[in-house]
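Trainee: I have a structure here, written as C-alpha cells, and I will follow up with some questions on it.
The values are calculated or read from the model by the stated rules, or taken from the named source; none is laboratory data. The model shown is predicted, which means the values in this text are computed figures rather than measured ones. Heads up, the Cβs are rebuilt from the backbone with ideal geometry, glycines too, and the neighbour counts pull from every protein chain shown.
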Amino acid sequence: MPKPRRLKLAVWKFASCDGCQLSLLDCEDELLAVADAVEIAHFLEATRARVNGPYDLSLVEGSITTPHDAERIQQVRRSSRFLVTIGACATAGGIQALRNFADVREYLSVVYARPDYINTLATSTAIADHVTVDFELRGCPINKRQLLEVVSAFLAGRRPVTPPHSVCVECKLAGNVCVMVAHGTPCLGPATHAGCGALCPTFHRGCYGCYGPMETPNASSLTNWLHKLGMDDRALQRIYRTFNANAQAFREESEKHDP
C-alpha cells in the first residue's frame, strides 16, 4: 500500500532577527515525531535544499519593509494553501515598526554613508497588511509549544488552540504576587497576550508586552493605572512602543500621548 503524501512545509524570512525560526529549530525531538508526515520544502535557516511549491503550510517570520518584500510575500501567498505568521515582526511589524512614528529619510541620513543606495519603505508592516493570513502566532520570540500546536493543528485539519487571555492569568496560575498591586511596578500584563508563562513578572519585573495585545484589551483602563503609578505622557508612549508598537491597540494608545 503506498504511503500517503507528506505535506509540504515552508518557512520564509522577511525583516526579522530569525529568533522565531530558531524557536522552530528548538523543537528537535518534537519535529522528529512529525517527520514522516511533513516534508520541509523550504527553510533556509535549517537547510539549503529547496523543493518547489505549492506548499501545504507556510510559516512566515518578519515584517514587510522593502518594495521587493512586498512583491515576494504575494508570491508566497499564491504558492501556499495555508499561511501562518509567526512572531511580533510578522504579526505587528516588530521593533522596526518604530520607523512608522518617525521620518525614515532622517534615519537613513544618520545611519548610512550613502543613503541613496538604500531602497526601503517608509513603514514596517505586518504580513496581514499585505496578504490574507490564516492564523497569527504572536510573541517575541514565539512559544515553541504554541508553534507545535499550530503546525499539528493544520496537519490535522483543525483550528489551532492558543490562549486568548492575558499574562495576568499566567501570573495567577504561577502563583505570582501582582507586581503592579504589591510593588507599584508598571506592567503591560493586563493587556498583553499570554504565551510567555509570565516570565518577567515571575522575576518581579513588569511585563514588556512581547506577545502583543490580547483579544479585546482595555488599554485605556490600563493607562489610567499606569498614570497613577507616576508615568507621564512620554513614559506611557514609550511603554507601548516596543516589540509590538504597530499592533493596533498599542499603537492607538501610544498616539494618545504624543507630545
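Trainee: I'd like the residue in region 211-259 that is touching a strand residue (DSSP E or B) at 6+ places or on another chain (Cβ under 6 Å), in a loop (DSSP other than H, G, I, E, B) and among the hydrophobic types (A, V, I, L, M, F, W, C) and, out of all such residues, is modelled with the highest pLDDT.
Mentor: My answer is 247.
Trainee: Let me ask something additional. So in region 195-209, with the set limited to residues that are touching a strand residue (DSSP E or B) at 6+ places or on another chain (Cβ under 8 Å) and at pLDDT 95 or above, which one is nearest to residue 176 (Cα to Cα)? Can you show your working first?
Mentor: First, the residues of region 195-209 that are touching a strand residue (DSSP E or B) at 6+ places or on another chain (Cβ under 8 Å): 195-196, 207, 209.
Next cut, at pLDDT 95 or above only: 207, 209.
On the way: 207: 13, 209: 17 Å.
Filtering region 195-209 for residues that are touching a strand residue (DSSP E or B) at 6+ places or on another chain (Cβ under 8 Å) and at pLDDT 95 or above, the one nearest to residue 176 (Cα to Cα) comes out as 207.
Trainee: Now for a separate question. So which helices (runs of 4 or more DSSP H) stay within region 106-202 end to end and still have 2 or more residues that are on the phi < 0 side of the Ramachandran plot, without any contact (Cβ under 8 Å) to a residue 12 or more places away in the chain and not aliphatic (A, V, I, L, M)? Walk me through it before giving the result.
Mentor: Details: elements: 144-156, 167-174, 179-183, 199-202.
Correct list: empty, since no element meets the threshold.
Trainee: Inside region 1-102, counting only helices (runs of 4 or more DSSP H) that do not spill past its ends, which hold 1 or more residues that are of a type in the set (S, T, N, Q)? If you could, list the steps in order and put the result at the bottom.
Mentor: Details: elements: 19-25, 28-33, 67-78, 88-92.
The helices (runs of 4 or more DSSP H) meeting that bar are 19-25, 67-78, 88-92.
Trainee: Let me confirm something: among 37, 15, 88, 102, which residue is in contact with a Lys or Arg (Cβ under 8 Å, 6 or more places away or on another chain) and at pLDDT 90 or above?
Mentor: Details: 37 fails: at pLDDT 90 or above; 15 fails: in contact with a Lys or Arg (Cβ under 8 Å, 6 or more places away or on another chain); 102 fails: in contact with a Lys or Arg (Cβ under 8 Å, 6 or more places away or on another chain).
Of the residues listed, the single one that is in contact with a Lys or Arg (Cβ under 8 Å, 6 or more places away or on another chain) and at pLDDT 90 or above is 88.
Trainee: Kindly indicate whether residue 100 is closer than 23 Å to residue 217 by Cα, of a type outside the set (A, V, I, L, M, F, W, C) and surrounded by 18 or more Cβ atoms within 10 Å (Cβ to Cβ). Break it down stepwise before answering.
Mentor: Details: closer than 23 Å to residue 217 by Cα: yes; of a type outside the set (A, V, I, L, M, F, W, C): yes; surrounded by 18 or more Cβ atoms within 10 Å (Cβ to Cβ): no.
Here the answer is no, as residue 100 does not meet what is asked.
Trainee: Another one. Consider residue 215 against the criteria (1) free of Cβ contacts under 8 Å to residues at least 12 places away in the same chain; (2) under 26 Å from residue 136 (Cβ atoms): it satisfies all of them except one. Which criterion is unmet?
Mentor: So residue 215 meets the others, but not (1).
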